[in-house]
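The values are calculated or read from the model by the stated rules, or taken from the named source; none is laboratory data. Values in this document were obtained by computation on a predicted structure and should not be read as measured data. Backbone-built Cβ (ideal geometry, glycine too); neighbour counts: all protein chains shown. Keep in mind that these areas ignore ligands, DNA and RNA; they rest on the heavy atoms of the full protein, side chains included. Shrake-Rupley method; radii C 1.70, N 1.55, O 1.52, S 1.80 Å.
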Amino acid sequence: MEGTIKRQRALTLVKRMETPGWFKIAVPVASIIGGFLFSAIFLMAAGESPIKVYSVMFGGAFGSLYGLGETVVKMIPLMIVSVGVSFAFKMQIWNAGGEGQLHIGAAAATYVVLHLQGYDKKTTLTAAFLAAFICAGLYGLIPAILKVKWKVNELITCLMLNYVGTLFISWLIQGPWKDPTGFAFPRTEKFPRVGEMPTFFGTRIHAGVVIGVVIALILWFILAKTKWGYEIKLIGTNPRVAEYAGIPVKRYVLAVMFVSAGIAGLAGMSEVCGITHRLQANFAAQVGPSGMTIAYLAQCHPLGAVLVSFLFGALLVGGNTIQKLGLPVSTVQMIQGSILFFVAAGTMFMNYRIVWKER
């Protein structure tokens, strides 16, 4: 007698061969709505009205010219860092050193602004821009060289170099660069006017937003329309195939890491020249880790990183606003975390579909 085999069915994730265009819009929107609905459950459990909380949150981020301006201000460093690390992630180079590179770029820009005397604003800011990009890029070459020379994991070296970069800044502002008239505050002297970025519309929105958007457009064009972009994506997909095709993989690793780190350095330059107008402690807290998160949620797409950065900026400003209702910081973080969780889940569903499969 022949035995019968009982097949079991289970839910399985299957990678999508192609994602419909409408899906790329509908899923992120549904994910954000899902995050707010999920957070509403906990707000009601805490005795708060979700409608009131969200009204205050959206009003703080978008309800006035000031709120919208602050949203863009928060967005700028996040956008620049996330666009930079997205470029490296596209080639499967895990540049987790955005925070350290940002601080090195800020230090380089500060040195130029404080020591370049007798020049106009355009010359001073251009020099600060180049110094921030080059110094941060060279700093990013350290893990890249270790990777191509001795196959050292760049994720680990980048994370360790974050501490080196931030502690180096701490030493500068408490030691040789400390403002002698700043009492006990660890910070440099205030920048002269020629070292301050221009602002727009009577708000704190500065020229850094233009820098970030232009860089995103340039990187999108390179990745989507040029031979370099094709080779970068091929290396990220299969480096061995790229080597067989004659592509200089090691050279690309060094070049992409230099550009990625240099762009992160420009985020530091934009903060010190656009907002603080001096180098000081905690001038860009948690921008580096948030930039990595944004790059992932944007699927390493430079233009997508711009949009997700705007969402992050709105969450930061709106989160600060709802604290006026007496809500603790943990509640704000819960709302932000819920939204990010649903957005991350939505990103997975854009790449995979759930099917019943026999096994």
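Could you tell me whether residue 284 is open to solvent by 10 Å² or more (accessible area, probe 1.4 Å), hydrophobic (A, V, I, L, M, F, W, C) and modelled with pLDDT under 95? For residue 284, the condition - open to solvent by 10 Å² or more (accessible area, probe 1.4 Å), hydrophobic (A, V, I, L, M, F, W, C) and modelled with pLDDT under 95 - is not met. Every condition in (1) over 20 Å from residue 78 (Cβ atoms); (2) in contact with a helix residue (DSSP H, G or I) (Cβ under 8 Å, 6 or more places away or on another chain) holds for residue 356 except the one numbered (2).
What are the pairs with Cβ atoms under 6 angstrom where one residue, in the range 246-261, is of a type outside the set (Val, Ile, Thr) and the other, located anywhere, is in a loop (DSSP other than H, G, I, E, B) and open to solvent by 50 Å² or more (accessible area, probe 1.4 Å)? Sequence gap at least six, or different chains. Close Cβ pairs satisfying both conditions: none exist. Test residue 310 against the stated conditions and say whether it is among the hydrophobic types (A, V, I, L, M, F, W, C) and within 25 Å of residue 351 (Cα to Cα). For residue 310, the condition - among the hydrophobic types (A, V, I, L, M, F, W, C) and within 25 Å of residue 351 (Cα to Cα) - is met. When the range 308-358 is filtered for residues that are surrounded by fewer than 14 Cβ atoms within 10 Å (Cβ to Cβ), in contact with a Lys or Arg (Cβ under 8 Å, 6 or more places away or on another chain) and in a helix (DSSP H, G or I), the ones remaining, listed by number, are 325, 351. For the range 254-272, give me each residue that is hydrophobic (A, V, I, L, M, F, W, C) and open to solvent by 10 Å² or more (accessible area, probe 1.4 Å). Of everything in the range 254-272, those that are hydrophobic (A, V, I, L, M, F, W, C) and open to solvent by 10 Å² or more (accessible area, probe 1.4 Å) turn out to be 254, 255, 258, 259.
Can you pull out the residues in the range 195-247 that are charged (D, E, K, R) and either in a helix (DSSP H, G or I) or closer than 20 Å to residue 86 by Cα (or both)? Within the range 195-247, 225, 227, 231, 233, 240, 243 qualify. The set of residues in the range 112-160 being touching an Asp or Glu at 6+ places or on another chain (Cβ under 8 Å), of a type in the set (A, V, I, L, M, F, W, C) and closer than 15 Å to residue 85 by Cα consists of 144 alone.
Say whether the condition of being of a type in the set (D, E, K, R) and open to solvent by less than 50 Å² (accessible area, probe 1.4 Å) is met by at least one residue in the range 197-211. Within the range 197-211, none of the residues are of a type in the set (D, E, K, R) and open to solvent by less than 50 Å² (accessible area, probe 1.4 Å). When you scan the range 128-139, do you find a residue that is out of contact with any Gly (no Cβ under 6 Å at 6 or more places or on another chain) and over 25 Å from residue 194 (Cβ atoms), even just one? Within the range 128-139, one or more residues are out of contact with any Gly (no Cβ under 6 Å at 6 or more places or on another chain) and over 25 Å from residue 194 (Cβ atoms).
Report whether or not residue 156 is among the aliphatic types (A, V, I, L, M), surrounded by 15 or more Cβ atoms within 10 Å (Cβ to Cβ) and part of a helix (DSSP H, G or I). When the stated conditions are applied, residue 156 does not pass them. Cβ separations smaller than 6 Å between residues 6+ apart or across chains give the following pairs from the range 282-307 residues that are assigned to a helix (DSSP H, G or I) to residues that are open to solvent by 60 Å² or more (accessible area, probe 1.4 Å) and not aliphatic (A, V, I, L, M): 302/220; 303/220. For the range 163-184, taking the residues that are open to solvent by 90 Å² or more (accessible area, probe 1.4 Å) and not β-branched (Val, Ile, Thr), the one that is nearest to residue 140 (Cα to Cα) is identified as 163.
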